[in-house]
């Protein structure tokens, strides 16, 4: 790509961005769109506008975003979002501090070296303007390489310093959230798994109660045995579905009264498959009848589930945060594979079906999943290739004869023929995050946030390996396979020469990502259109409208992996082609600004893990840093620079830094430190409420006289410590 | 070594064993020797003979050993000794079960194969009788090799089965000991390290108390801040030394009254260097005066130590076992490198000087020690070579001129010249265990038992690498270095041919170890002679006599490493030369019998770690098993047997077995499970006694009004849980 094409691409992206910005300014001021642009504020019962007044200034949101504090973010969107901003700020700071030294020093050093230029002008054509500013332009064994060696150290040291500060800061954020005087249900509970079979004549519940009452005679509150809810969930969802449909039918009926016919038209529906076939009935009557039929069925099933479908897992509640925190860290049983404990996640993020999974089953599932992920990352092209080979037009015609008339048209046929393989790839890439999340849940992970973290990690390695390494190494390898065959040692020098060539590609990539990606993000064009379409043609009840504008959460798994790809690219090119740094700065600066707006006004977090995402972010930044250090060392080494050895301590330093950081901070992210949990609460916790918040909706009967839900407090023997 | 030499060596060893056995029978029946042969029983206040009656049967001890139960061992010598017998029994059972199949099957299979014999008779000379019974005697790609493949699996499966049972059994032993209703001081305490600097205006003690009182308002009892005791220990030891010397002087004086002179001779001593120079004084007066001088000095130093030499480490006592067990496993501080906790070891095995060592200092020390051990294991010949090169006779003459007349004698000179290098090696090997223990303590390990385990591990790797691998591989490598140079691939086949050759060497080695080693062990000739010499010429007081027969403990560090060397040798040769199995059986059978006697009657354990040695034993057996599996696979592979691949799953199976075992059992050996700690005590623990038992002797003043030792109970705020 030459310089002109690069500028054109940059310009186009920028124009799209400006257009989207204006769209945002215009659309977000229409009251009908408030639910799309301010859902988080609306759901929290706040006025869409800060302070309640609507300004005429189209850039007010920027001022608001800039003036918002970290505690605003925590209040509106939780610790996890605040941690995401720590990540953005840290990367931004690393890039700015690196740029301050690298841009004014390295660019002139590279540009004024003419040794390579003169040597290569004849053989490979002249360097373009961008390449002239990169390390590739510096001659072999030139003393100018010293500047690049120093720059490599500078970037690394800046990164260490800022990462250390960030880790400490996040740890404090987590501590502040955990020691808050608010009562949080999950801080009083632990999850118990792998409960051995109950002894003869004891129910599962009695077994769990007596076990924990013996160990915690004073602080044990009560237990909740996990049940197999598959059946009851099914009935519950059917019932809820009928309730929704009834509300919808009633709304339609009420509306029909207003328009023309004063008596209204009673809505009808068919009761067969998908509402397309079968007998036609009066909807309101039919749904009412169904609800009356399912309500006792649900109650009966609830009783059966609670009594007979108990699983070898339980939630145990304590009267004190310290005991719960300490219990979640302690070994309870002599055999480590029984009575395993972990701290309870929030009720909403519990993955109930994973709780009863057995110890070794979880282990084996984990290894199997790792193998599948490994294969997916390295050989994902194979199934896609097979699918696209299989989905040729000929096969399509054979298998789905009714497509014949369409496919036989010559124009369409050419287009399909050309795009079928790409279509397979696009579908695969779109489904990948969901597939990885599914795999992570299949590992037996008990909470949504944990599964998200696991999926995000898998997605990161997929992205970095396939996009970053794939583009640079892949293009080189395929382009010059014969040369490598002749001399295997030439691979290093080939890589080194190909790295700067890919720089322009990645510059465009980053620019596209921030201009078009962030433009779409802020303007929310897609959710806006979907919302208006749904409201107009589908939604009849208030609940349905609310569902239509539900904003969802930040989507850490894919968002963070995308950011990390940019981090990896920018870091690896920071010294080789420092011109990439401003692009990185804009990406993370703009990202910070936009997402501040989105987090404060749009997205509603679907869980809170108190910053447990951070150690994973930190680790992946360190992986990127290591990749960067090794790349540069290899690259400068190829330039036949004898002092490249000076760069060898850097990766070792990184590993030491990583280990020290993990030693100092990590365990607090796995468990709750007791000194944090022992802080006073602002009120005596209502443990009944704590307990109830963990009851799954399908089981929470209105009546409370059930045997599982009877007040267990009376059972707790309150023997004081006799000393 | 031919067969005749082998038999001669075996015969000689056996004769020595028989002589030592008779010596034991004769000597142990003399009442004057009871303190050497029955010290453990005497120290426990029991009669030397079981049931109090002296039998005339010289083999009564065998009957006693065989009829003793595991609980006898635990009662007389603790769980650690019982675990050592589990180790011996397990190995014995593995060897017996292996031998039952291997001996009747493999020996005939090997002996009746004539293919190699005929081929090799001309080139390498005939096989001797022993070699004929080994795998080396089977021809290449013979179907007879199937028997050896099956045998390899058999030994492994037997080992897995028995190790699993043993691990479970030891885990139960540990649980039984930990849940015993006896009050054990260490179960109520935790060790706290890395305490951050106290806040302004607070003493260290106040800081520790307030920290733990906040977290454990109901179960915190009191704390003991660790102090720098170097100075007070020095004064205390001097004082104790003078007390001993005074007792000795008084005993000498009393004795002198009996013999001849009715007024007695007052003993005199010189007060200069080593009692050899300086003024002569009356001993009794002099020591009395010294004691009077040091007693107030000690008291003053105790006060200063307690007040001013507080270190950032403490022992914290709780009123309940469960809380102590749970506290030792929980993360207390947000920063993992502060307020680190671990369960307290027994008071007698605390290494006080290691407690205040800082978190990262310990980490660094550990890595440094690992590097030193690695270098010691692989390059220990270098310093020894240097020393022996340096300590030639010429150098000796130059440096120590007074040795000239001795060294100049031609006979002596020759002997010295020949033995000086060996002497250096022997001294090195004798000092090695002490050096490794010193290194382990230098890591910053806080308890003696842990340091012993660490030293034992280091010694194991040293022994296996240098003796086993050294002898087999070393001899092969040096003997045929030129052949390897020509064809590097020949190293595997060379190894394979050299392994059976070393078999005879190791047979003799094992036989020597059990006949001579165990003979010396049982007869206790050396301790007996030392005791009698000391009693006759040195000991004057009762305390001195008692010290002279103090038996010491089993010496796990070296004993276990020695056993493991035999395990490794026997396992590795079990299939190659099955004739070694009976030797292994005798070694462990005889060892079990003898040590049962020694443990019940002689050795007094110096600490109790409740079986924490076991996971290390288990791991090393697994290492030996892996070594065995890889050796056999390589060996059969060299025989050009195409089905050798069948052996490849074995090492993988071993690793899986190891991981599963560790997952299931290991954590309980690191910490105390709460279900074990929550068992009831037979009495309400006297926490004052618990606390006092941890006060080091140099600090335990008679008076109790000291600020550290004041009753902390009154300070504990007893706020009940308000729910």
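Bear in mind that the values in this text are calculations on the coordinates, not laboratory data. This is a predicted model, so every value here is computed, not measured. In this analysis, Cβ positions are derived from the backbone assuming ideal geometry, glycine residues included, and neighbour counts consider all displayed protein chains.
Tabulated values for the structure
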item	result
Residue order, fewest to most surrounding Cβ atoms within 10 angstrom, among A:534, B:536	B:536, A:534
Two-site FRET efficiency, residue A:411 against residue A:27, from Cβ-Cβ distance with R₀ of 45 Å, rounded to 0.05	0.75
Computed FRET value (nearest 0.05) for residue A:693 with residue B:692, which takes r as the C-beta separation and R₀ as 45 Å	0.40
Convex hull per residue volume in Å³, alpha carbons only, for region A:142-298	424
For residue A:670, label point 7 Å along C-beta direction: distances to other copies, nm	0.7
Residue exposure sequence - A:238, B:448 - by fewest surrounding Cβ within 10 Å	A:238, B:448
Cα convex hull of region B:15-102, projected area averaged across orientations, nm²	7.7
Estimated distance in nm for a label pair at residue B:360 and residue A:70, the labels positioned 7 Å out from Cα along Cα-to-Cβ	2.2
R0 of 35 Å, Cβ-Cβ distance residue A:308-residue A:47: FRET efficiency to nearest 0.05	0.10
Gyration tensor over alpha-carbon atoms, region A:245-375, equivalent ellipsoid semi-axes in Å	50, 21, 16
Pairwise label distance in nanometres, residue B:684 with residue B:254, each label 7 Å out on the Cα-Cβ vector	4.4
Length gained when the stretch residue B:4-residue B:230 is fully extended (0.36 nm per residue, less Cα-Cα span)	75.3 nm
Per-residue Cβ neighbour rank within 10 angstrom, fewest leading, A:283, B:700, A:77	B:700, A:283, A:77
Residue B:545 versus residue B:60: modelled label distance in nm, points set 7 Å from Cα along the beta carbon direction	2.3
Label geometry 7 Å along the beta-carbon vector: residue B:402 inter-copy distances in nm	11.4
Average beta-carbon neighbours from other chains, 10 Å sphere, peptide A:662-673	4
Across the identical copies, how the residue B:423 labels are spaced - nm, sorted shortest first, 7 Å along Cα→Cβ	9.2
Alpha-carbon centroid distance for the pair region B:603-626 / region B:289-356, whole angstrom	28
Scaled radius of gyration (Cα, divided by 2.2 N^0.38 Å) that region A:232-302 gives	1.25
